Amino acid sequence: MLVSLTEYGRLHNKSGDTIRRLAENSLLISARKIGRNWVVDSENPYPVIKRAAKRPIAVVSLFSGCGGMDLGFLGGFDFLGKYYGKTDFNIIWANDINPAACETYRENIGKHIIVGDINEEIKNLPERADVVIGGFPCQDISINGKMLGINGKRSGLYAAIVEAVRKLAPQAFVAENVGGLLLKQNKESFNKILADFSSLGYEINCRPYRAEEYGVPQTRERVFIVGTRLGKPGFTPPQASVVEPITAEQAIGDLESAPKDKDFSHIWSLANVSGEQGNRRLIADRPGYTIRAECHGNIQFHYSLPRRISMREAARIQSFPDTFRFHSKLRETERQIGNAVPPVLAWHIAKAVEPLIKRNEI
């Protein structure tokens, strides 16, 4: 029996407008117009519409290191009993100059990383990307460095991220650096960085984040510069995720009685106490201190044991899951862990960026 679209809608608990759209798009086989009015056979089954899968969000990663930020953007890992869900990001191209870090990345993140100087490899970028991410080197900006700002050879490499954004015109980018970027003595460098990104047509959100407020058992402050295309929704920083920071003992207490294990990176530096630095000892009921890349004699001592913390303990303090494997020797592993963006902090940034990206259905 032929009925109006409104009547057909009542039979299937749908609005008349919804049924009209189905009819106009030829999704109701029996629907036709009689004069100016649509009619449809009441026995016509309501169509089952399969939504096309959304394509993954394509990400290009620069200065990837061993993969801390990239792991955070991918998600799908456990840390201290909490699961950080998989995201829709897909890293299609990554680069770092350190072969050992790239080897760690390949084992834990993916084979797509390219070893080489970004100034050479930038010509090999893919044709498109939705997002560009990167933690540009911070040695010339860090308070532990020479404070040369972007005039320093290494921190000036932020320009590679600017160039990647210019070439790829992504919907968003995320650049990470040390909290020292906001110091008064780095004001000129900071303003130049923001001006360079802004000139490409992006709304910039720049602020410091304290890692311990996001479930990382470490007092580490980092600056994230997030850019979104002008005219698109702006970035809203993620809210702190924990009320009480995770303490050092909560993070690594179960490893106190564990024997040395090279495969698990539970090995530690035997460097003696230095007269000038490297004398810090973890405090059991507080988060760990910032894990540094140039460790050895600087890496902190265990809160109760007569030794420095192990590389696995340092990785825990950086929020790497225990499934993440480092196969370099001790000094190189220290460097990779200390240079990394804490994956858990990166995950929170990624989850705030994810809803801003518009994807065509395929």
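Computed from the coordinates by the stated procedures, all read-outs in this text should not be read as laboratory data. The shown structure was predicted, so the numbers you read here are calculated from the model rather than taken from an experiment. Glycine gets a Cβ as well: all are built from the backbone with ideal geometry, and neighbour counts include every protein chain shown.
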*Any chance you could check the Cα centroid distance between segment 83-121 and segment 33-47 for me, in angstrom?*
55
*asked:* What FRET efficiency comes out for Asp41 versus Gln239 if R0 is 56 angstrom and r is the Cβ-Cβ distance? Round to the nearest 0.05.
replied: 0.60
*By counting other Cβ atoms within 10 Å of each Cβ, how are Arg307, Arg36 ranked from fewest to most?*
Arg36, Arg307
*Between Thr228, Thr18, Thr87, which gets the highest mean-square fluctuation from a Gaussian network model of the chain, Cα cutoff 10 Å?*
Thr18
*Placed amide H near Arg281: partners under 5 Å, 5+ positions off or other chain*: Phe301
*Hey, got a sec? Which trypsin sites (Lys or Arg not before Pro) in segment 63-129 land in a DSSP loop and have at most 10 other Cβ atoms within 10 Å?*
Lys86, Lys111
*asked:* On a 23 Å Cα-Cα criterion, which of the cross-link pairs Lys54/Lys232; Lys33/Lys54; Lys54/Lys86; Lys82/Lys329; Lys86/Lys123; Lys167/Lys232 come out too long?
replied: Lys33/Lys54; Lys82/Lys329; Lys86/Lys123
*asked:* If each residue of separation counts as 0.36 nm, what is the full-extension length gain between Thr18 and Asp285 once their alpha-carbon separation is subtracted?
replied: 90.3 nm
*Phe89's amide H: which non-local residues (gap 5+, or another chain) put their own amide H closer than 5 Å, with H modeled 1.01 Å from N in plane and none for Pro or chain starts?*
Ile57
*Hey, fewest Cβ within 10 Å first, where do Cys102, Cys66 land in order?*
Cys102, Cys66
*Listing Glu188, Glu203 from the residue with the fewest other Cβ atoms within 10 Å to the one with the most, what is the order?*
Glu188, Glu203
_Filtered GluC sites (Glu not before Pro), segment 1-43: DSSP coil and at most 16 other beta carbons within 10 Å_ = Glu43
*Choose one of Gly68, Leu80, Pro56: the residue whose Cα lies farthest towards the positive end of the charge dipole of segment 41-86 (beta-carbon charges +1 Lys, Arg; -1 Asp, Glu; about the Cα centre).*
Gly68
*Which GluC sites (Glu not before Pro) does segment 213-306 hold that lie in a coil by DSSP with at most 11 other beta carbons within 10 Å?*
Glu276
*Net lengthening on full extension, Asp322/Arg359 (0.36 nm per residue, minus Cα-Cα)*: 10.0 nm
*Using the Karplus curve 6.51 cos²θ - 1.76 cosθ + 1.60 with θ = phi - 60°, work out ³J(HN,Hα) for each residue of segment 329-334 in order, rounded to whole Hz, and write x for Gly and Pro.*
6, 4, 4, 5, 5, 3
*Based on the alpha-carbon gyration tensor of segment 49-93 and its eigenvalue square roots a ≥ b ≥ c, which shape applies: rounded if a/c is under 1.5, prolate if not and a/b is larger than b/c, or oblate?*
oblate
*Could you pull out every residue, at least 5 positions away or on a different chain, whose amide H is within less than 5 Å of the one on Ile114? Hs are placed 1.01 Å off N in the peptide plane, and Pro or chain starts have none.*
Ala94, Asn95, Asp96
*Among (1) 24.8; (2) 17.0; (3) 23.4, find the value of mean projected area of the Cα convex hull in nm² that was calculated from the structure presented, and write down its label.*
(3)
*Quick one: among Ala211, Ala175, Ala195, which has the greatest mean-square fluctuation in a GNM of the chain with alpha-carbon springs under 10 angstrom?*
Ala195
*asked:* From the helices alone, meaning DSSP H stretches of at least four residues, give me the mean residue ellipticity at 222 nm for the chain, per-run term -39500 (n - 2.57), in deg cm²/dmol to the nearest 500.
replied: -7000 deg cm²/dmol
*Considering the chain as a Gaussian network with a 10 Å cut-off on Cα pairs, which listed residue, Gly76, Gly215, Gly227, attains the greatest mean-square fluctuation?*
Gly76
